[in-house]
Amino acid sequence: MRRLLALGVAGAAAGVALWRRRGGTPAERVDLHFEDGSMVSLPAASEDAERLLGLARDVLAAARS
Amino acid sequence: MAAADAAQALEELVEISSQIEGAVLLGEDGALVASTYPDSGRAERVAAAASELLRAADESQARAERAAIGQLVVELPDGAVVCVREDGRAVAAVTVKEPTVGLVLYDLRTTLRLAADEKPKRKPAARKKAAATDTAAESAGEAADA
């Protein structure tokens, strides 16, 4: 019984992970396009990305308030 | 650049792009020049927040020792903030979620040039008209086939 329960929990976790991966939760992304034509996507967990995501949330909040 | 011209360019922008909810035009000092928001308080708040966002992006760019930032796209689950900067001036737009980023960037760049009284290569409104013409041509073709 316990084994079945553990299998069920593991299956649900895998399902949630797959759903997220397939776009269930839209991703957060920061892209910087430079004047020389190059572009960089900041890694989601980086300090710079966190800061810019926070400031962009402020812009959205101000626009929709 | 007259503020009225800039405001008109922004109005046209939100008219032609269903993905853009609103936009502000910032001067070289980051101050508000024009916006699509009728409430001036809200326009000022959006401009201040967008200006801060661009400043933070500039700091990030300076640390990475890259060329100046011309465009910035920040996508969030419930919308995106897209900025285009040229000759010190910038236009920042708030979009619906999961926008067609390339199209929004094109429209913002065109708006920035219109606001500066430059003649763009192609007016944004032409896209809609061209699409309508294409649709009409397709319909006519289908009717002829039938």
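A few notes on this one:
- Highest-first arrangement of A:48-60, B:45-57, where packing means the average Cβ count within 10 Å: B:45-57, A:48-60
- Contact order normalised by residue count of region B:59-118, Cα under 8 Å, 6+ apart, percent: 25
- Net charge in the neighbourhood of A:Val40 (other residues with Cβ under 9 Å of its Cβ; Lys, Arg +1, Asp, Glu -1) is 0.
- Taking the inverse of the mean 1/r over every pair of distinct Cα atoms in region B:28-81 gives a Kirkwood hydrodynamic radius of 12.6 Å.
- Rg then Dmax, both in Å and based on the Cα atoms of region B:1-99: 13.2, 39.
- Neighbouring Cβ atoms from other chains, within 10 Å of the Cβ of residues in B:54-64, number 4 on average.
- Look at the stretch A:33-42: the mean tally of other chain Cβ atoms within 10 Å of its residues' Cβ atoms is 5.
Readers should treat all values here as calculations from the given coordinates under stated rules, not as data from a laboratory. Computed from a predicted structure; not experimentally measured. For neighbour counting, all protein chains shown are included, and Cβ atoms are generated from backbone atoms with ideal geometry for every residue, glycine included.
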